[in-house]
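**Q** Take a look at the following structure, please.
The values are calculated or read from the model by the stated rules, or taken from the named source; none is laboratory data. This one's a predicted model, so the numbers in the text were calculated from it and none came from an experiment. Glycine also receives a Cβ, built like all others from the backbone with ideal geometry; neighbour counts cover every protein chain displayed.
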Amino acid sequence: MAQKKMSGEVFLPSKEVIEKAHVKNWDELNKRAQEDYEGFWAAEAEKLHWFKKWDKVLDESNKPFYKWFVGGTTNIAYNCLDVHLTTWRRNKLALFWEGENGDFKSYSYYYLHKYVCRFANILKSMGVGKGDRVTIYMGRVPELAFAMLACARLGAIHSVVFGGFSVEALHERLEDSKSKVLIVSDGSYVRGKVVDLKGIADEALARAATVEHVVVVKRTGHAVNMEPGRDYWYHELCALPMGNMGCEVEQLDAETPLFLLYTSGTTGKPKAILHTHGGYMVGTYASLKYVFDIREEDRYWCAADPGWITGHSYIVYGPLLTGVTSFMYEGAPTHPYPNRWWQLIEKYGINILYTAPTAIRGLMKYGDAWPQRHDLSSLRLLGTVGEPINPEAWKWYHRVIGRGKCPIMDTWWQTETGMFMITPMPCVPLKPGSGTRPFPGLIMDVVNEDGETVKPNEEGFLIIKRPWPAMMRTIYNDPERYVNQYWSRYPGYYLTGDSARRDEDGYYWIIGRVDDVIKVSGYRLGTAEIESALVSHTSVAEAAAIGLPHELKGNAIHCFVILKEGVEGTPQLADDLRKHVGHEVGPIAKPEHIDFVKSLPKTRSGKIMRRVLKAKALGIDPGNLSTLEE
Ligand code: WT7
């Protein structure tokens, strides 16, 4: 397709890849989607099941509260499972799973449907129905997917809390969502050790008020506290009559809330991003099918955690909607040895691997010998997400894991966008480090402070100029913040919070966050969460957190702490503070380094100037200091 010569280093797709791909001509598809945007999405929606068809594809009457497939009724869980049961896919593997300790489980579409129905009945018996919130806090196990789909089947709203979060993070999310039920596993295996999830949940529950029942899934089998009348073993409930395996599906309006997913924002506490059944279903279905070029015989592996949006959209919902066979692995990539992933790919014949730059860099550091010891020839496509991938890691991934034959889908998107937004497709020429162009039909731009498009290769704010089906609908309980944070800076346009540049070929290059969000190993954390965890320690008066570049993690957290009168800043205390943050927020939030300081740079209105701290730590010019108080 590339008639004109492109700038920079370009990897052209092979003839073979193009010939077999769903989309052979990206420009043609994009042109079609641009010219008839609603028609494009309607055509995708028609490939899914609707109990009643929509009257209107996109309703823009109450901007920025957009609605999609208005008047239609559907259910995403029905489209994930039931629709396949009348076809040969009934007997196809939907999901197979390997535990870190080598355990194995597999589920056909038929069987998965049964498990989900049974779980839905259990929730029903606890009084869960349409609109009720259910929090899910587990390791990477199949039951997590059952629980999500069971909620969806009933029209209840799930809120998955990443198993790497800890007490205060879980408490905050239970409280904000006012969850009626908590589904938790007793523990999870991480690098051979048991993480006591139920213990953490008990601590969080002691601080929270709304949870009536707790369903405990046995994974590790270590001793846990079970509170009579509140806590129930999942396997025991399954054996009781409410654990029967037939469950009527709820026919839901397309705009019915599907889930909340908490994520860090510019200021304050994590906010609950709300997604709905109809639009999210259409967006995740079409994007996965086209970008990862899903084929019936594929074995697809998204190695992210279901507790993040990547897992929601591309481990649970997207794959089941497309009817693909999907693999889930519980543990760390390097346990017990750095070849664990390569072993899994060889053993199970994985065709598509989707992971994050931080994992690639982490594996790359062990050298080429580990992957080269395995037959990775089943791999056809690779993917990356979460943060910018440095060209060096991209090329290693391409050369060593993909044997120079697998196109890499560098997908840019967010919890808020629900689906891939800037992404290649296999037929597109690739440039290492760039996600290429927006998904067909989307309109994005890079603009300056005044909202004017910047020149090619100039840095600016990344914005989205048109609504899309899988977009967030609001911030749960805080519609005002939804409007202010995303739609006010450039009225009518969605502010991503990222800075980017666009080159002469129209390819986008993400630079990074322009707000107080820090991406640590691809995980999104807010400075406010880390700071409030520090301040909750008895020795701390004030704290500031910043992200500094880190070779493996992308960014690492550095903190500046003012201690209370009379407290001495010893190395022991610094260590205690790191542990305290780990306990309150989660291990991923543990600061790399803590500096004890006497004061912090602030604006006259009292806001900490993290930019100044960052410049100082990096030894660069802090820029405009006119608002600095002293
Ligand atoms: C932020 C969103 C969407 C799944 C995981 C992250 C960064 C995401 C890329 C990419 C460069 C990326 C952005 C974005 N990001 N993908 N391919 N290249 N940066 O979801 O936790 O909501 O984070 O992740 O900064 O704003 P999230």
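**Q** Checking Ile315 against (1) more than 15 Å from the ligand (Cβ to nearest atom); (2) surrounded by 24 or more Cβ atoms within 10 Å (Cβ to Cβ); (3) under 21 Å from Tyr189 (Cβ atoms), only one condition comes out false. Which one?
**A** Evaluating Ile315 over (1) more than 15 Å from the ligand (Cβ to nearest atom); (2) surrounded by 24 or more Cβ atoms within 10 Å (Cβ to Cβ); (3) under 21 Å from Tyr189 (Cβ atoms) leaves (1) as the failure.
**Q** Please go through region 491-504 and pick out each residue that is within 16 Å of the ligand (Cβ to nearest atom), more than 26 Å from Val282 (Cβ to Cβ) and more than 22 Å from the chain's Cα centre (by Cα).
**A** Answer for region 491-504, where residues must be within 16 Å of the ligand (Cβ to nearest atom), more than 26 Å from Val282 (Cβ to Cβ) and more than 22 Å from the chain's Cα centre (by Cα): Arg501, Arg502, Asp503.
**Q** Do we have Met409 as within 16 Å of the ligand (Cβ to nearest atom), touching a strand residue (DSSP E or B) at 6+ places or on another chain (Cβ under 6 Å) and in contact (Cβ under 8 Å) with a residue 24 or more places away in the chain here?
**A** Judged against the criteria, Met409 is a match.
**Q** What pairs can you find where one residue is in region 519-541 and on the phi > 0 side of the Ramachandran plot, the other is within 13 Å of the ligand (Cβ to nearest atom) and part of a strand (DSSP E or B), and their Cβ atoms are less than 7 Å apart, with a gap of 6+ or different chains?
**A** Short answer, once both residue conditions are applied: Ser521/Gly554; Gly522/Gly554.
**Q** Name every residue in region 438-470 that is basic (Lys, Arg) and out of contact with any strand residue (DSSP E or B) (no Cβ under 7 Å at 6 or more places or on another chain), in order of residue number.
**A** Lys455, Arg466
**Q** Please pick out the residue among Trp68, Trp88 that is under 30 Å from Met245 (Cβ atoms) and of a type outside the set (D, E, K, R). Let's see the steps before the verdict.
**A** Working: Trp68 fails: under 30 Å from Met245 (Cβ atoms).
Sole residue among the options that is under 30 Å from Met245 (Cβ atoms) and of a type outside the set (D, E, K, R): Trp88.
**Q** Which one is surrounded by the most Cβ atoms within 10 Å (Cβ to Cβ), of the residues in region 529-557 that are of a type in the set (D, E, K, R) and closer than 12 Å to Ile608 by Cβ? Full working, then the answer.
**A** The initial filter retains those residues of region 529-557 that are of a type in the set (D, E, K, R), namely 529, 531, 542, 551, 553.
In the following step, the residues that additionally are closer than 12 Å to Ile608 by Cβ were identified as 531, 542.
Values: Glu531: 22, Glu542: 17.
Ranking the qualifying residues of region 529-557, first place goes to Glu531.
**Q** While we're looking at this one, here's another question. Quick one: which of Ala120, Ala145 is under 15 Å from Tyr317 (Cβ atoms) and not in a loop (DSSP other than H, G, I, E, B)?
**A** Being under 15 Å from Tyr317 (Cβ atoms) and not in a loop (DSSP other than H, G, I, E, B) holds for just one of Ala120, Ala145, which is Ala145.
**Q** Every residue in region 426-473 that is within 20 Å of the chain's Cα centre (by Cα) and hydrophobic (A, V, I, L, M, F, W, C), please.
**A** Phe439, Leu462, Ile463, Ile464, Trp468, Ala470, Met471, Met472
**Q** Sticking with this one: Give the residue, chosen from Gly155, Gly164, that is closer than 22 Å to Ala533 by Cα and not basic (Lys, Arg).
**A** On the way: Gly155 fails: closer than 22 Å to Ala533 by Cα.
After applying the criteria, what remains is Gly164.
**Q** From the list Leu240, Leu252, Leu205, Leu197, pick out the single residue that is without any contact (Cβ under 8 Å) to a residue 24 or more places away in the chain and either touching a Phe, Trp or Tyr at 6+ places or on another chain (Cβ under 8 Å) or under 26 Å from Leu154 (Cα atoms) (or both). Walk me through it before giving the result.
**A** Details: Leu252 fails: without any contact (Cβ under 8 Å) to a residue 24 or more places away in the chain; Leu205 fails: without any contact (Cβ under 8 Å) to a residue 24 or more places away in the chain; Leu197 fails: without any contact (Cβ under 8 Å) to a residue 24 or more places away in the chain.
Just one listed residue meets the conditions, Leu240.
**Q** Here's something else I'd like to know. Residues to consider are Gly307, Gly311; find the one that is farther than 26 Å from Glu16 by Cα and at pLDDT below 95. I'd like the intermediate steps shown before the answer.
**A** Working: Gly311 fails: at pLDDT below 95.
Selected residue: Gly307, the only one of Gly307, Gly311 that is farther than 26 Å from Glu16 by Cα and at pLDDT below 95.
**Q** Starting from region 412-424, keep only residues that are farther than 16 Å from Tyr290 by Cα, then list their pairs with residues that are more than 7 Å from the ligand (Cβ to nearest atom) whose Cβ atoms are within a distance under 6 Å, requiring at least 6 positions of separation or different chains.
**A** Close Cβ pairs (under 6 Å, with a partner that is more than 7 Å from the ligand (Cβ to nearest atom)) amount to Thr415/Leu261; Thr415/Ile273; Glu416/Ile273; Glu416/Met472.
**Q** So is Pro432 touching a His at 6+ places or on another chain (Cβ under 8 Å), at pLDDT 95 or above and within 16 Å of the ligand (Cβ to nearest atom) or not?
**A** On the way: touching a His at 6+ places or on another chain (Cβ under 8 Å): yes; at pLDDT 95 or above: yes; within 16 Å of the ligand (Cβ to nearest atom): yes.
Taking the combined requirement at face value, the residue satisfies it.
**Q** So which residues in region 505-546 are away from the ligand (no atom under 15 Å from the Cβ) and within 30 Å of Phe11 (Cα to Cα), if there are any at all?
**A** Asp505, Gly506
**Q** Considering only region 60-83, I want to know if a residue exists there that is more than 27 Å from the chain's Cα centre (by Cα) and of a type in the set (Lys, Arg).
**A** No, the conditions are met nowhere in region 60-83.
**Q** Now, a different point. Quick check on my filter: what residues within region 159-171 are of a type outside the set (Ser, Thr, Tyr) and either assigned to a helix (DSSP H, G or I) or surrounded by 24 or more Cβ atoms within 10 Å (Cβ to Cβ) (or both)?
**A** Going residue by residue through region 159-171, those that are of a type outside the set (Ser, Thr, Tyr) are 160-165, 167-171.
Result: Val160, Val161, Gly163, Phe165, Val167, Glu168, Ala169, Leu170, His171.
**Q** Whether any residue in region 472-484 is within 28 Å of Thr355 (Cβ to Cβ), within 16 Å of the ligand (Cβ to nearest atom), in contact (Cβ under 8 Å) with a residue 40 or more places away in the chain and assigned to a loop (DSSP other than H, G, I, E, B) is what I want to check. Quick ask: steps written out before the conclusion?
**A** Taking region 472-484 as the starting set, the residues that turn out to be within 28 Å of Thr355 (Cβ to Cβ) are 472.
Subsequent filtering for residues that are within 16 Å of the ligand (Cβ to nearest atom) retains 472.
If we keep only those that are in contact (Cβ under 8 Å) with a residue 40 or more places away in the chain too, we end up with 472.
Retained after the next criterion (residues that are assigned to a loop (DSSP other than H, G, I, E, B)): 472.
Scanning region 472-484 turns up at least one residue that is within 28 Å of Thr355 (Cβ to Cβ), within 16 Å of the ligand (Cβ to nearest atom), in contact (Cβ under 8 Å) with a residue 40 or more places away in the chain and assigned to a loop (DSSP other than H, G, I, E, B).
**Q** From (1) more than 30 Å from Tyr66 (Cβ to Cβ); (2) within 16 Å of the ligand (Cβ to nearest atom), pick out the condition that doesn't hold for Arg399.
**A** Of (1) more than 30 Å from Tyr66 (Cβ to Cβ); (2) within 16 Å of the ligand (Cβ to nearest atom), only one is false for Arg399: (2).
**Q** Can Leu258 be described as buried (at least 24 other Cβ atoms within 10 Å of the Cβ) and either assigned to a strand (DSSP E or B) or within 16 Å of the ligand (Cβ to nearest atom) (or both)? Don't jump to the end; show me each part of the working.
**A** Working: buried (at least 24 other Cβ atoms within 10 Å of the Cβ): yes; either assigned to a strand (DSSP E or B) or within 16 Å of the ligand (Cβ to nearest atom) (or both): yes.
When the stated conditions are applied, Leu258 passes them.
**Q** From Thr325, Thr384, which residue is β-branched (Val, Ile, Thr), under 21 Å from the mean Cα position of the chain (by Cα), crowded, with 18+ Cβ neighbours inside 10 Å and within 16 Å of the ligand (Cβ to nearest atom)? Give the steps one after another, and end with the answer.
**A** Numbers: Thr325 fails: within 16 Å of the ligand (Cβ to nearest atom).
From the options Thr325, Thr384, the qualifying one is Thr384.
**Q** Of these, Leu258, Leu237, which one is more than 17 Å from Glu175 (Cβ to Cβ), at pLDDT 95 or above and touching a His at 6+ places or on another chain (Cβ under 6 Å)? Please lay out each step first, then the result.
**A** Working: Leu237 fails: touching a His at 6+ places or on another chain (Cβ under 6 Å).
After ruling out the rest, the residue left standing is Leu258.
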